Structure formats: C-alpha cells, structure tokens
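**Student:** This is the structure, below, for whatever I ask next.
The values are calculated or read from the model by the stated rules, or taken from the named source; none is laboratory data. These figures come from a predicted structure and were not determined experimentally. Glycine also receives a Cβ, built like all others from the backbone with ideal geometry; neighbour counts cover every protein chain displayed. Note: accessible area is taken over every heavy atom of the protein model, side chains too, but ligands, DNA and RNA are not part of it. Shrake-Rupley method; radii C 1.70, N 1.55, O 1.52, S 1.80 Å.
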Amino acid sequence: MARKTKLEAQETRNSLLDAAELLFQERGVSRCSLQDIALAAGVTRGAIYWHFQDKAELFNAMMERATMPLEEGMQPPSAEASCLTLAELRWGLVNVFHTTMHNERTRRVFEIAMQKVEYSGEMQALQERKLASHREWREQNRAAFDHAIHLGQLPAGLDTRVAAVALVALVDGLLHQWMMDQSSFDLLAVGQTSVEGFLTGLALNARTLLPPMSEQDHARLGKEGICRRSNETR
C-alpha cells in the first residue's frame, strides 16, 4: 500500500510538472498561477503545496527534470577523473545541441527559460541558481583547458579563464539564436562546427591574425558607429 501511495505521489508530481511546462510555454511564467497549473493537472491546489513550496520551486524542479540528463553528460566519466578531456567536453556540448533539437521537453524548457520568464518578484531567487550554474559551467571549461595544457594539447600561455568564458558565450549564444528562429540554421551541425573550430583555435600557437589595438583604437571606443572607419583606414 505504501509503495502504491508513493507511486501515486510521483505521478501527481509529474503531472504538475507536465502542466507547468505547457502553461509556461503558452502564457509565460508570470501569467500562470499555481491554481492554473493545478486545474490543468486535474488536482487541487493543495496537491501543489504538498510537492512544492511555491512557483519558484516548481519552476526549478521543472528545469532540473529536463536538464539533469544533459548535466550528467557533462560530468567526468569516472570517479578517478577530476575533469573532462577536450573530446569529452566536445561530446557533452554536441549532445546539448542534439538534445535541444530532437527532445521536445528539453526544447520546451529552454524556450521557457530563455524567452518566457522574468527573474523578478517570486522568481528572483532563481537568478542566483542561474548564475551559479553558469559559474560552474565556466569552471568546468577552465578545468578541462588546464588539463589539456598539462597534456600538451593546448599552449601553456593560454588564458584559460578567458577561454572558459568565451566557450560559454559561444554555446549560450547559439542556443539563444536557434530558439528565436529554429528554421534559420541546423543547430547540431553549426554547433558542432563552431565548438570544434573554437577548440582548434585555442590550440593554434602561431602569429596572431590581428595586431594589438592601438591607443587610437581604444580612444575611439564608444565614439563611432561599429561600421564607420577612421580616415587612417580608408
């Protein structure tokens, strides 16, 4: 009997998360109340409070259910390994692109997180979770790059802190662009090519393509349009 009760509770929890996903995507998070979610799930409002303290906790559980498999795919494959290899890092990121394209739940929660939620009011607490997740992602990248330097795969002079931030920005930017216009490009193909090109670029130990910015270049920042050229460059 206890086993059946536990199973029923889990089914109710999943029904609430399913209903929240659909309503958040359709209306936006701020326009959905817990009562709306309870009605859509076919349960009482009290059933929500049995599982979740508030809408923020429900939102957090919804995100974790969809992203946990992706996060597990970005963990070192064994307890002995303290960080990812470059090949494992590449696979984890390509897996994110693939799953976003082909898994409806993943795609839906990414759309909600990127386009349908304001991190204010009752959702303010989730902003710190989002920031913590990005910090952990950057540190994971940095550890992988430091390990690759130790193995001789990347040059010793590489600023791994900057590289880690840049990789997060690249992947995050690709996901945002694709979510805004899913017919504009193949996320998996473009994503894999972009990540591989980025990692290959880190390994190059040759003359830089561009010279350092001059004092004149820095002095012009914020004073000219992005497409304007100075008289010296015409």
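**Student:** Using a 1.4 Å probe, what is the accessible area per residue for the chain, in Å²?
**Tutor:** Spelled out: the 1.4 Å probe surface of the chain, per residue, equals 62 Å².
**Student:** While we're here: At q = 0.15 Å⁻¹, what is the log10 ratio I(q)/I(0) for the chain, with the Debye formula run over Cα points and no solvent?
**Tutor:** Calculated log10 I(q)/I(0) at the listed q: -1.11.
**Student:** Continuing with this model, one more query. Zone of residue 105 (label point 7 Å along Cα→Cβ, backbone N under 15 Å): which residues in the range 27-59?
**Tutor:** Counting only backbone N, you get 59.
**Student:** Something else now. Relative to the longest principal axis of the C-alpha atoms of the chain, give the angle of the C-alpha long axis of helix 55-72, reported between 0 and 90° and rounded to the nearest 10°.
**Tutor:** Taking Cα atoms only, the helix is inclined about 60 degrees.
**Student:** Once neighbouring chains are kept in place and the probe is 1.4 Å, which whole percent of the accessible area of the chain is contributed by carbon and sulfur?
**Tutor:** Its accessible area is 53 percent carbon and sulfur atoms.
**Student:** In degrees between 0 and 90, to the nearest 10, how far off the longest principal axis of the chain does helix 160-180 point, with axes built from Cα atoms?
**Tutor:** Compared with the principal axis, the helix lies near 60 degrees.
**Student:** Would you check the accessible area of residue 102, probe 1.4 Å, heavy atoms only, in square angstrom rounded to 10?
**Tutor:** About 120 Å², rounded to the nearest 10.
**Student:** Related question: So what's the Cα pair-distance distribution over the range 174-223, bin width 5 Å, in %?
**Tutor:** It works out to 4, 15, 14, 12, 11, 16, 19, 9, 1, in whole percents.
**Student:** Here is a follow-up. Do the sum for the chain: with -39,500 (n - 2.57) for every DSSP H run of n ≥ 4, divided by all residues, what is the mean residue ellipticity at 222 nm, to the nearest 500 deg cm²/dmol?
**Tutor:** -22500 deg cm²/dmol
**Student:** For the chain, take the longest principal axis of its alpha carbons; what is the angle in degrees between that and the long axis of helix 2-27, to the nearest 10 within 0 to 90?
**Tutor:** 60
**Student:** Here is a follow-up. Contact order normalised by length for the range 1-56, with contacts defined as Cα pairs under 8 Å and 6 or more residues apart; what percent is it?
**Tutor:** Relative contact order for the range 1-56 comes out at 32 percent.
**Student:** Separate question: Taking amide H positions as placed 1.01 Å from N in the peptide plane, with prolines and chain starts having none, which residues 5 or more places from residue 154, or on another chain, fall under 5 Å of its amide H?
**Tutor:** 149
**Student:** Evaluate the relative contact order of the chain (contact order divided by residue number), counting alpha-carbon pairs under 8 angstrom at least 6 apart; express in whole percent.
**Tutor:** Dividing the mean separation by the residue count of the chain yields 18 percent.
**Student:** Between beta-carbons, use under 15 Å as the cut-off and find the net charge around residue 104, counting Lys and Arg +1, Asp and Glu -1.
**Tutor:** Spelling it out: positives minus negatives among the neighbours equals 0.
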